[in-house]
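Read the figures in this text as sums done on the coordinates, not as results from a lab. None of the values given here were measured: they were computed from a predicted structure. Please note: Cβ atoms are built from the backbone with ideal geometry, for glycine as well, and neighbour counts cover all protein chains shown.
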């Protein structure tokens, strides 16, 4: 066999170079396609990141409002509790004052009732004596009046 000529070697090299250039071009095209897809994916991810950041910002605002509401609720609860305690203390004090006043009035009424009962008893006894005297046909003799008493009224 004879050795290939220089033209044949050059033709083979040119064929191999053409095939390699085709492969390299195909690889470049694939890489360019991948880069474009990656760029599109990066854009979508950036957009999703913006949406996520906006959501987190809204959640943070909502969280702050909730904390403020809870703080206001705590204040309201404390004020309501203190008001209830004060109202209870004042109510119990008012009830005690009313009971003391009523008990004092009842005691005083009972004390004056004893004096009134004694006067009624004395008058009943005097009336009984006068009745006995009238029934016996004797002229009625009035007993001596204690100091400060009023005479019994006579009716015709």
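Each listed q (0.12 Å⁻¹) maps to a log10 I(q)/I(0) for segment 1-80, found by the Debye formula over equal Cα scatterers with no solvent: -0.69.
Computing FRET efficiency as 1/(1 + (r/R0)^6) for residue 124 and residue 87, where r is the C-beta to C-beta distance and R0 is 35 Å, gives about 0.10.
For the chain, the longest principal axis of the C-alpha atoms and the axis of helix 6-136 are separated by about 0°.
Summing -39500 (n - 2.57) over the DSSP H runs of n ≥ 4 in the chain and dividing by its residue number, what mean residue ellipticity at 222 nm do you reach, to the nearest 500 deg cm²/dmol?
Values: 1 runs with 131 residues, N = 156.
About -32500 deg cm²/dmol.
Between 76, 104, 127, the GNM of the chain built on Cα springs shorter than 10 angstrom shows 127 fluctuating the most. With the simple spin-label model, which puts each label point 7 Å out from Cα in the Cβ direction, the residue 57 to residue 79 separation comes to 3.4 nm. Hey, with R₀ at 41 Å, roughly what FRET efficiency would residue 36 and residue 9 work out to, going by the Cβ-Cβ distance, to 0.05? The formula returns an efficiency of 0.55 here.
Contour minus end-to-end for residue 47 and residue 106, with contour as 0.36 nm per residue of separation and end-to-end as the Cα-Cα distance? Walk me through the intermediate numbers first.
Numbers: separation 59, 0.36 × 59 = 21.24 nm, distance 8.66 nm.
That works out to 12.6 nm of additional length.
Where does the Debye-calculated log10 I(q)/I(0) of the chain sit at q = 0.10, 0.12, 0.17, 0.21 Å⁻¹, using only Cα point scatterers of equal weight, no solvent? Listed by q, the Debye log ratios stand at -0.84, -0.93, -1.12, -1.26.
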